[in-house]
1. Looking only at segment B:114-150, filter to residues that are out of contact with any helix residue (DSSP H, G or I) (no Cβ under 8 Å at 6 or more places or on another chain) and of a type in the set (Gly, Ala, Ser); which one of those is nearest to residue B:34 (Cα to Cα)?
2. Out of segment A:1-45, which residues are surrounded by fewer than 21 Cβ atoms within 10 Å (Cβ to Cβ), under 15 Å from the mean Cα position of the chain (by Cα) and at positive phi?
3. Of all residues in segment B:222-251 being under 24 Å from residue A:15 (Cα atoms) and acidic (Asp, Glu), which is nearest to the chain's Cα centre (by Cα)?
4. Across segment A:227-265, which residue is modelled with the lowest pLDDT among those that are polar (S, T, N, Q) and surrounded by 14 or more Cβ atoms within 10 Å (Cβ to Cβ)?
5. Regarding residue B:109, is this residue crowded, with 17+ Cβ neighbours inside 10 Å, at pLDDT below 95 and more than 21 Å from residue B:30 (Cβ to Cβ)?
6. Every residue in segment B:1-48 that is within 14 Å of chain A (Cβ to nearest Cβ), open to solvent by less than 60 Å² (accessible area, probe 1.4 Å) and either farther than 23 Å from residue A:97 by Cβ or polar (S, T, N, Q) (or both), please.
7. I need the full set of residues from segment A:156-195 which are under 16 Å from the mean Cα position of the chain (by Cα) and among the aliphatic types (A, V, I, L, M), in order please.
8. If residue A:87 passes every condition in (1) facing chain B (nearest Cβ under 9 Å); (2) buried (at least 21 other Cβ atoms within 10 Å of the Cβ); (3) in contact with a strand residue (DSSP E or B) (Cβ under 7 Å, 6 or more places away or on another chain) but one, which one does it miss?
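The values are calculated or read from the model by the stated rules, or taken from the named source; none is laboratory data. Just so it is clear, the model here is predicted, and its values are computed rather than measured. Note: ideal-geometry Cβ built from the backbone for every residue, glycine included; neighbour counts use all protein chains shown. The accessibility values were calculated without ligands, DNA or RNA, using every heavy atom of the protein model including side chains. Shrake-Rupley method; radii C 1.70, N 1.55, O 1.52, S 1.80 Å.
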Amino acid sequence: MHDMVIETSGLSRRFGDRLVVDSLSLQVPAGSVFGFLGPNGAGKTTTIRLLLGLLRTNSGTIRIFGESITTHRLPVLARIGALVEAPSLYPHLTGTENLRHACLLKRVDPKDIDRVLRIVNLSSDGGRQVKTYSLGMKQRLGLALALLGRPELIILDEPTNGLDPAGIQEMRHLLRDMPVSHGISVFLSSHLLTEVDQMASHIGIIAAGRLQFQGSPDELRARRQSSLRIGLDRPEIAAELLRQQGWPAVAREQNLVELPAMDQDSTVRINRFLVERGFGVHLISGHQPTLEEMFFDLTQPA
Amino acid sequence: MSIFLRTLLAELLKLRRTLAFWLVFLAPGLILALEFLMFHERVDFFANKHQPLWDILHRNSFSLWGVLMLPLYVTLQTALLAGLEHTEDRWRSLLAMPVPRWAIYWSKLVIPCLMVVISSLFLTGGALLNGVVLRSIQPRLLFPDPIPWDLFLRDAWLTIVASLLIVTIHHFVSLRLRTFAASTGVGVCATIISFILVNSDKYGRLWPWCLPARLLVTKPGITHDVLVYSVVGALVVSLAGTWEFSRREIR
């Protein structure tokens, strides 16, 4: 068994002049729940389509289970379950018929249908036409389709999109347990760090097509750097003046100026500098950024 | 079970509860109903012909079917079938399955071909039944024994083969064009043009949508030319379509 279920190296994809995925080198460990994070338009869905062979690469390589998706597309896809964006279901068919359709294409014994319906809690609704399903039920049926045939890896694109809080929680429980209870590695994309943080063992953060971070949530937390926040009027002017003095200040929303954490003397000197120039300083405090703020900083254009 | 057979069964499964399935019987059924009403309402006219009416029934059935209904039927069926995948972009899931692209393309092609076969045979059986029923309720109508089922059946098969080229063209077009209106628009325009060209030896023999209707032209060698052109053309279009579909990206 390979240590990495997905490995990409220098993966790039361009649509016209726009570089949507830029030299992406991903490493998804076997047995992990890998959260692939990024804001809308960051290149997550394009990456997933590249992984599934739905798009061709402009450069770089993709290896899944150690095999190239280009040269071993069918054997690799046979070991993967996928849910790309919204589940692609045939609404005129019942849930069971949708699964039977997938069984035929994936060479899976139809007996597996009952098992996957049980996993996603749809056993009693399998006989109903999908057009009568709620969005949450459709999403769960999409997951059941991905789980058919006991794949070694499932790739899910925004699996909680459109779900209500209860549905999100249910999906989260299902996915978090996959590696342990079913031996399935999970690769899922999302634009919500808080959501992924609760279920992922590994995280990759992409912005403007480039990978900004890859590692465990704890490694991301370890990169957090404390900062000094100063509350005052006219923060843009204050930040500019501080920068002219050699302090790397950044103006923030809510009348704040932020600087890297510093010792007591430096803090006193900065305060005196600002007060002498007529700024009304009303707050000076140390600040530990949240994961959300780190995600925001990593994914914002410089 | 081979992957192609599995893919074909999966395509057949998708036909459940669809308009496409019912059209198989509705399209020829409409012609049969019109034929029945025409004979039933104009008994005097047809009775005074003092000739076996099987020939008229045969010619009317196959000309209506070949010139008008079949091209429109193929257009509609292929657009409806492709629409199953175009809607909500279901291609992205279908093409992420461990199935070769050629198997998907050809299984999707076999379905409209099968539909044309079933509809044409339904038309044939229905037309013969029309004759039998009409003579029993209107004895003045001359539908004598023996029932010429061999003539009807032969032309049904010829029509099926002659339609292969337009089935493959519409299959390609409907998979390529994402909107229902665009792919049906192509078929409607092509069918209207065929009305103008059908009697032209120069252009009619080249216009694929004229081929089923040209079987009715009584000229030596024309049937052979129509069938060869349809089969060879269908093969070329299908191979080109398979190549294009295998390379297609799902964005």
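1. Looking at residues that are out of contact with any helix residue (DSSP H, G or I) (no Cβ under 8 Å at 6 or more places or on another chain) and of a type in the set (Gly, Ala, Ser), I get B:125.
2. The one that is surrounded by fewer than 21 Cβ atoms within 10 Å (Cβ to Cβ), under 15 Å from the mean Cα position of the chain (by Cα) and at positive phi: A:41.
3. Among them, the one singled out is B:244.
4. Ranking the candidates gives A:227 first.
5. Values: crowded, with 17+ Cβ neighbours inside 10 Å: yes; at pLDDT below 95: no; more than 21 Å from residue B:30 (Cβ to Cβ): yes.
No.
6. Matches in segment B:1-48: B:7, B:18.
7. Within segment A:156-195, A:156, A:168, A:171, A:175, A:186, A:188, A:192, A:193 meet the criteria.
8. Evaluating residue A:87 over (1) facing chain B (nearest Cβ under 9 Å); (2) buried (at least 21 other Cβ atoms within 10 Å of the Cβ); (3) in contact with a strand residue (DSSP E or B) (Cβ under 7 Å, 6 or more places away or on another chain) leaves (3) as the failure.
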